[in-house]
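Notes follow once the structure below has been shown.
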Amino acid sequence: MSRPEDILPPDLHYNDTEAKKYTTSSRIQNIQVSMTHRALELLDLQNPSMILDVGCGSGLSGEILTSVEPSEGGPHIWVGMDISASMLDVALQRDVEGDLMLADIGQGVPFRAGSFDAAISISAIQWLCNADSSEVSPAGRLSRFFNGLYASLKRGGRAVCQFYPKNDQQRTMISGAAIKAGFGAGILEDDPGTKNSKIYLVLTVGGSAAEGNGGDITGVVKGMEYVNVLDARRKHREKGRDFKKGSKAWIISKKEQMERKGKVVKHNSKYTGRKRHIAF
Amino acid sequence: MKLLTLNFLTCAVKSCKSTSASFPLHPKDCELVSDTLKSDPKLLFNILPRLDWSALSTTASELGFPGLPPSAPTKEELEANEKLFHDLHTLLLETHISEGSLVCANCGHSYKIKEGIANFLLPNHLV
């Protein structure tokens, strides 16, 4: 399938016809609805909250935020940002509840610190990986976005961004930028390895003590069914030497270390690490 | 755009990030519309501690609304005072700015609002 990110910048790609097509396609609507519900499940909001919808488009995801039942902690109010004027025009015609803003998320998030309880973003942030002019770089746009988002969320707040990375490199670039901004980050992948695979970047701002595990990102999916946690983080290694300095084992480990660095190292033999006794 | 949102918006220009004058943005030549929305005490109590009350007072007086109490009410006061709760709900969630502009007091940049949508796109040299 072709990727619209590779063809045109978002404000030009989503013109009037494209925006209408996007919003009226029942296939896209169904996918958006299910992804928004999944994101809401990850956000785990207990009270009616103030939510930032990043790349809200025509308000497909926003409508769901408005329609959350009071028994499930809703209805939420939301503010949507999008760069495509045509998409926002469709949102106006559909008469969505939330506030809309025409803004480029790669230019930052213009809200004061601690404004929002949560943020949601459906199929938007992969657009940040493309720079449309030589004055901006994808890394710069990503870092401005994540820094702005980090500041505008309250402590203990969460953000869930569903995105379509082109390759593993984009995936690491996006999650790396989020971690650099200060978020606790994890990636949830639904239906991995299939055509319908969906990737959610789950971000937390500061850990709340209520979660009981020091605000670790894996706490977000605690209690959710069918979720396997794969922790690729390196465990902190015990400090201190394994071998006594000067022993044969120590010498061999040092030699291996030097060999890994690409230095020329003498072979190990039965004489390695032995004392040179005086022969007579 | 709801007045509640205005209470959170700051100037997007890079050089304004470090100054306090960039918040709140000042509404200019604004047309207001009011909408009816079911009041939700839980939502208002959730947002209440995060409101910048002095900014809200400034905005309200600039738009010509009757004076707000000098300091932010607590949750208990709001529960007891039905009229205050109702007024606050009307002001924050039911009043929308439909046309006009928002001006930053620091750099003077003006963000246009059309049909309730504020335009926060900036030229590259201001980012």
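Within region A:58-89, being in contact with a strand residue (DSSP E or B) (Cβ under 8 Å, 6 or more places away or on another chain), free of Cβ contacts under 8 Å to residues at least 60 places away in the same chain and either of a type outside the set (A, V, I, L, M, F, W, C) or surrounded by fewer than 20 Cβ atoms within 10 Å (Cβ to Cβ) (or both) holds for A:GLY59, A:GLY62, A:THR66, A:HIS76, A:GLY80, A:ASP82.
Determine, yes or no, whether B:LEU6 is crowded, with 20+ Cβ neighbours inside 10 Å and hydrophobic (A, V, I, L, M, F, W, C). Walk me through it before giving the result.
Details: crowded, with 20+ Cβ neighbours inside 10 Å: yes; hydrophobic (A, V, I, L, M, F, W, C): yes.
Taking the combined requirement at face value, the residue satisfies it.
Residues in region A:69-76 include at least one that is within 11 Å of chain B (Cβ to nearest Cβ) and either within 23 Å of A:TYR150 (Cα to Cα) or among the hydrophobic types (A, V, I, L, M, F, W, C) (or both). Quick check on my filter: what residues within region A:117-142 are within 9 Å of chain B (Cβ to nearest Cβ) and in a loop (DSSP other than H, G, I, E, B)? Matches in region A:117-142: A:SER133, A:GLU135, A:VAL136. Note on region A:80-108: among residues that are aliphatic (A, V, I, L, M) and part of a loop (DSSP other than H, G, I, E, B), the one that is farthest from the other protein chains (Cβ to nearest Cβ) is A:VAL96. Just to be sure before I move on: is A:VAL136 assigned by the TED database to the domain that holds A:ILE83, surrounded by fewer than 22 Cβ atoms within 10 Å (Cβ to Cβ) and either under 24 Å from B:CYS11 (Cα atoms) or not small (Gly, Ala, Ser) (or both) in the structure I sent? The answer is yes for A:VAL136. In region B:1-18, the qualifying residues are those that are in contact with a Cys (Cβ under 9 Å, 6 or more places away or on another chain) and over 15 Å from B:TYR111 (Cβ atoms), and the one that is nearest to the other protein chains (Cβ to nearest Cβ) is B:LYS17. For region A:185-223, filtered to residues that are assigned to a loop (DSSP other than H, G, I, E, B) and of a type in the set (Asp, Glu), the residue that is modelled with the lowest pLDDT is A:ASP216.
Okay, residues lined up against (1) closer than 26 Å to B:GLY100 by Cβ; (2) exposed (fewer than 15 other Cβ atoms within 10 Å of the Cβ); (3) within 12 Å of chain A (Cβ to nearest Cβ):
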site	(1), (2), (3)
B:LEU51	yes, no, yes
B:SER57	yes, no, no
B:GLU76	no, yes, no
B:LEU88	yes, no, no
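Among the numbered conditions (1) farther than 24 Å from B:ALA118 by Cα; (2) within 14 Å of chain A (Cβ to nearest Cβ), the only one that B:PRO66 does not meet is (2).
Residue-level check: of (1) modelled with pLDDT under 90; (2) under 18 Å from A:ARG158 (Cβ atoms), A:TYR22 misses just (2). Scanning region A:2-33 for residues that are exposed (fewer than 15 other Cβ atoms within 10 Å of the Cβ), hydroxyl-bearing (Ser, Thr, Tyr) and farther than 20 Å from A:GLY98 by Cα turns up A:SER2, A:THR17, A:SER25, A:SER26.
For every residue, the table says whether it meets (1) at the interface with chain B (Cβ under 9 Å from one of its Cβ atoms); (2) over 23 Å from A:ARG144 (Cβ atoms).
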position	(1), (2)
A:LEU45	no, yes
A:PRO48	yes, yes
A:ASP53	no, no
A:GLY57	no, no
A:GLY62	no, yes
A:SER67	no, yes
A:TRP78	no, no
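Taking the listed residues A:GLY148, A:GLY114, the one that is within 25 Å of A:PRO48 (Cβ to Cβ), free of Cβ contacts under 8 Å to residues at least 60 places away in the same chain and either within 8 Å of chain B (Cβ to nearest Cβ) or in a loop (DSSP other than H, G, I, E, B) (or both) is A:GLY114, with no other qualifying. Among the residues of region B:26-48, none qualifies, meaning not one is within 9 Å of another protein chain (Cβ to nearest Cβ) and within 13 Å of A:PHE111 (Cβ to Cβ).
Return the residues of region B:11-25 that are in contact (Cβ under 8 Å) with a residue 24 or more places away in the chain and either assigned to a helix (DSSP H, G or I) or crowded, with 16+ Cβ neighbours inside 10 Å (or both); say none if nothing qualifies.
Within region B:11-25, B:CYS11, B:ALA12, B:VAL13, B:LYS14, B:SER15, B:CYS16, B:ALA21, B:SER22, B:PHE23, B:PRO24, B:LEU25 qualify.
From the set of residues in region A:156-173 that are touching a residue at least 40 places away in the same chain (Cβ under 8 Å) and over 20 Å from A:ARG38 (Cα atoms), which is surrounded by the most Cβ atoms within 10 Å (Cβ to Cβ)? Taking the candidates together, the pick is A:GLN170.
The values are calculated or read from the model by the stated rules, or taken from the named source; none is laboratory data. On a predicted model such as this, the values are computed, not experimentally measured, just so you know. When we count neighbours, we look across all protein chains shown, and the Cβ atoms used for this are built from the backbone with ideal geometry, even at glycine.
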